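Below: the structure, in structure tokens.
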Amino acid sequence: MRYVVGKSVYKGIAMGPCAVLKKDGHQVKRRRITCKESELERVRQAILRSKEQLQRLYDKALVEVGETSAAIFEVHQMMLEDQDYLDAIHNMIETEMINAEYAVAVTGDNFSEMFRAMDDDYMKARGTDIIDVSERLVRNLIGEEDSDLYFDEPTVVIADDLTPSETVQMDKEKIIAFVTVHGSANSHTAILARIMNIPALVGVDIELDSLKNGTMAIVDGIEGNLILEPDEATCAKAKDKILEQRENEMLLQSLKGKENVTLSGRKINVYANIGNVSDLGYAIENDAGGIGLFRSEFLYLGKTDFPSEDEQYQAYKQVLQTMAGKKVIVRTLDIGADKKVDYLGLAHEENPALGYRAIRICLMQPDIFKTQLRALFRAAIYGDMAVMYPMITSVKEVERIFAIVDEVKKELDEQGVCYAVPKQGVMIETPAAVMISDQLAQMVDFFSIGTNDLTQYTLAVDRQNEMLDEFYDPHHTAIFKMIQMVIDNAHNAGKWVGICGELGADLSLTEQFVRMGIDELSVAPSMILKLRKIIRQIQ
Ligand code: PEP
Ligand code: MG
């Protein structure tokens with residue numbers, strides 16, 4: 001039995017076998033072979049296995065994210081049938097008498113370079129796909145387990161670190177806990193764990209190579225530790241805690257259908273934060289009054305190209321229809337910093353959190369922004385939609401946004417396309433936005449305070465830097481003063497204001513926020529009923 005401590009991201013407890021995700025584990029070495037037939041047979045078998053995996057991924061993506069996004073796995077399957085690609089691998093093995101892994105890796109690199117040198121953007125992007133496909137083939141050749149993030153049974157995922165793109169690909173049904181060696185408690189992976197309502201630990205100092213898949217693990221997010229190969233007594237204790245956790249959950253379930261009102265009759269809207277259409281189930285299950293933050297950039301992550309207008313339209317429409325008339329606030333593309341996609345071609349930046357991200361990308365590449373706005377406005381006819389813009393720092397930015405919104409409306413009118421203009425708000429997540437919130441309140445319909453970034457920018461502490469977790473203090477007086485200022489300025493202009501950053505779910509602050517005048521709290525679905533319980537006890 002081994003104990004390893006970590007920083008808890010979600011306070012729950014889970015027990016099950018672990019799956020260890022190792023990255024860049026294979027260094028493909030060139031080896032001479034003596035029998036080319038058996039090497040060619042290995043390639044054939046690896047291709048068969050790869051195709052099966054890709055088919056499984058396609059089926060899963062089809063249900064979760066729709067046909068357009070799933071199509072990428074069909075493209076990958078087709079690449080495995082491409083005669084030029086296969087001939088190149090076979091020729092290398094036959095003429096150079098070298099091992100299959102090496103032939104696949106070199107062919108993948110060569111083809112990828114060839115694609116990337118092409119003029120056409122679509123073909124350029126295929127360069128990444130061919131590397132993906134070749135890496136899958138190599139993994140299957142060396143017998144390394146598929147890292148599709150697909151699991152057959154409830155699993156504790158243990159990884160070095162997880163990017164937002166990887167987490168979107170995960171089979172969320174089967175993950176019972178996350179453990180990462182790196183990563184900060186404020187990262188998007190941590191946020192995802194909270195959305196999924198599962199225990200998670202980051203900063204767990206463990207040697208991944210020493211761990212085997214299937215090793216029994218207890219992730220204790222209450223105590224903040226990972227227990228590997230627990231003995232019988234420890235397992236029994238964990239089972240008791242899991243049972244207690246379930247009982248607490250049942251108690252909360254009895255609050256379903258009840259209102260979020262204080263004893264003196266003040267109603268607070270409690271909404272859910274989601275990152276994907278597939279998270280909607282968690283929102284409904286936990287009786288969310290609406291969606292207070294749909295992080296739309298997750299539609300852009302884990303892909304090889306921009307989601308089309310129609311793909312986005314289908315996703316927004318599905319969210320609105322599922323929420324059946326309840327408010328749905330979609331945050332426009334907030335990509336950059338830790339949320340990266342290759343196809344955007346973002347240059348390396350020394351300071352990405354202060355760099356080319358979010359609304360700055362949308363204003364400088366208005367075509368990307370317009371496609372999203374068109375999809376949003378078209379979908380808005382299916383429910384009560386609002387949009388909000390991230391990372392605002394000036395009145396000028398909001399004016400530029402509104403000018404683009406006007407252009408989009410004009411184009412839709414000219415094309416005779418049916419649409420509705422949703423209510424429009426801004427996120428208050430920079431100190432500049434706080435200081436001009438009196439002016440911004442005159443321009444928009446509502447504010448949503450992003451305390452994650454507001455803390456980062458106010459305290460000058462990188463929220464991604466795990467070494468700085470002790471300095472990242474959202475309870476700093478400066479943050480409370482700012483929140484109060486924003487609430488007062490919004491209310492003076494007759495506008496409502498909410499909090500959609502993680503601080504909104506801090507149960508030790510709920511009463512204080514209500515007293516400060518907050519109108520809405522948008523939190524991970526798992527926190528909704530806990531907030532309801534507290535709100536209903538406030539005088
Ligand atoms: C925030 O910054 O508080 C926020 C809600 O946005 P994100 O965490 O996605 O940056
Ligand atoms: Mg933010």
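The values are calculated or read from the model by the stated rules, or taken from the named source; none is laboratory data. Just so it is clear, the structure is predicted and the values come from calculations on it, not from any experiment. Reconstructed Cβ throughout: ideal geometry from the backbone, glycine too, with neighbour counts over all protein chains shown.
For (1) within 16 Å of GLN45 (Cα to Cα); (2) part of a helix (DSSP H, G or I); (3) without any contact (Cβ under 8 Å) to a residue 24 or more places away in the chain; (4) not small (Gly, Ala, Ser), each residue gets a yes or a no:
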site: MET92; (1), (2), (3), (4): no, yes, yes, yes
site: GLU101; (1), (2), (3), (4): yes, yes, no, yes
site: VAL104; (1), (2), (3), (4): yes, yes, no, yes
site: GLY108; (1), (2), (3), (4): no, yes, no, no
site: SER112; (1), (2), (3), (4): no, yes, yes, no
site: MET118; (1), (2), (3), (4): no, no, yes, yes
site: MET123; (1), (2), (3), (4): no, yes, yes, yes
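Filtered by the rule that a residue be within 12 Å of ligand 1 (Cβ to nearest atom) and at pLDDT 95 or above, segment 442-471 gives SER448, ILE449, GLY450, THR451, ASN452, ASP453, LEU454, THR455, GLN456, TYR457, THR458. For segment 50-58, the condition holds for no residue, the condition being that it is modelled with pLDDT of 85 or more, assigned to a helix (DSSP H, G or I) and over 14 Å from ARG136 (Cα atoms).
Is there a residue being among the acidic types (Asp, Glu) and surrounded by fewer than 16 Cβ atoms within 10 Å (Cβ to Cβ) anywhere in segment 458-468?
no
Under the condition of being among the basic types (Lys, Arg) and assigned to a strand (DSSP E or B), the residues counted in segment 302-328 number 1. Inside segment 488-525, can you point out the residues that are surrounded by 22 or more Cβ atoms within 10 Å (Cβ to Cβ), under 22 Å from ARG331 (Cβ atoms) and away from ligand 1 (no atom under 16 Å from the Cβ)? If the condition is that a residue be surrounded by 22 or more Cβ atoms within 10 Å (Cβ to Cβ), under 22 Å from ARG331 (Cβ atoms) and away from ligand 1 (no atom under 16 Å from the Cβ), then ASN489, ALA490 are the ones that fit. Hydrophobic (A, V, I, L, M, F, W, C) and more than 16 Å from ligand 2 (Cβ to nearest atom): is that true of VAL434 in this structure? The answer is no for VAL434. The set of residues in segment 224-258 being in a loop (DSSP other than H, G, I, E, B) and either in contact with a Cys (Cβ under 7 Å, 6 or more places away or on another chain) or surrounded by fewer than 14 Cβ atoms within 10 Å (Cβ to Cβ) (or both) consists of GLU229, ASP231, SER254, LYS256, GLY257, LYS258. Taking LEU211, is it touching a residue at least 60 places away in the same chain (Cβ under 8 Å), surrounded by 21 or more Cβ atoms within 10 Å (Cβ to Cβ) and either over 16 Å from LYS533 (Cβ atoms) or under 20 Å from the mean Cα position of the chain (by Cα) (or both)? No: the conditions fail for LEU211. Beta carbons closer than 9 Å, at least 6 apart along the sequence or on distinct chains, never pair a first residue in segment 437-448 that is closer than 15 Å to MET391 by Cβ with a second that is at pLDDT below 95 and within 16 Å of ligand 1 (Cβ to nearest atom).
Using the structure shown, decide if GLY275 is farther than 30 Å from ILE538 by Cβ and of a type in the set (Gly, Ala, Ser). So GLY275 does not fit the description; no.
Within segment 394-421, the residues that satisfy the criterion of being surrounded by 17 or more Cβ atoms within 10 Å (Cβ to Cβ) and either within 16 Å of ligand 2 (Cβ to nearest atom) or under 25 Å from ILE483 (Cα atoms) (or both) are GLU397, VAL398, ILE401. Looking only at segment 507-519, decide whether some residue is modelled with pLDDT under 95, in a helix (DSSP H, G or I) and more than 21 Å from the chain's Cα centre (by Cα). No: segment 507-519 contains no residue that is modelled with pLDDT under 95, in a helix (DSSP H, G or I) and more than 21 Å from the chain's Cα centre (by Cα). Please verify whether ILE428 is among the β-branched types (Val, Ile, Thr), more than 30 Å from LEU251 (Cα to Cα) and more than 16 Å from ligand 1 (Cβ to nearest atom), treating the condition exactly as stated. No; evaluated as a whole, the condition is false for this residue.
Of the residues making up segment 316-342, those that are among the basic types (Lys, Arg), within 16 Å of ligand 2 (Cβ to nearest atom) and either modelled with pLDDT of 95 or more or surrounded by fewer than 18 Cβ atoms within 10 Å (Cβ to Cβ) (or both) are ARG331, LYS340. When ILE130 is tested against (1) crowded, with 17+ Cβ neighbours inside 10 Å; (2) among the hydrophobic types (A, V, I, L, M, F, W, C); (3) within 18 Å of CYS35 (Cα to Cα), just one condition goes unmet, and that condition is (3). Does ASN260 satisfy being touching a strand residue (DSSP E or B) at 6+ places or on another chain (Cβ under 8 Å), within 16 Å of ligand 1 (Cβ to nearest atom) and touching a residue at least 12 places away in the same chain (Cβ under 8 Å)? No. Looking across segment 327-369, the residues that are closer than 21 Å to GLU309 by Cβ, among the charged types (D, E, K, R) and within 14 Å of ligand 1 (Cβ to nearest atom) come down to ARG331, ASP334, LYS339. Within segment 136-147, residues that are on the phi < 0 side of the Ramachandran plot and assigned to a loop (DSSP other than H, G, I, E, B) sit with their Cβ atoms under 9 Å from residues that are among the β-branched types (Val, Ile, Thr) and modelled with pLDDT under 85, at 6+ positions apart or across chains, in these pairs: ILE142/VAL28.
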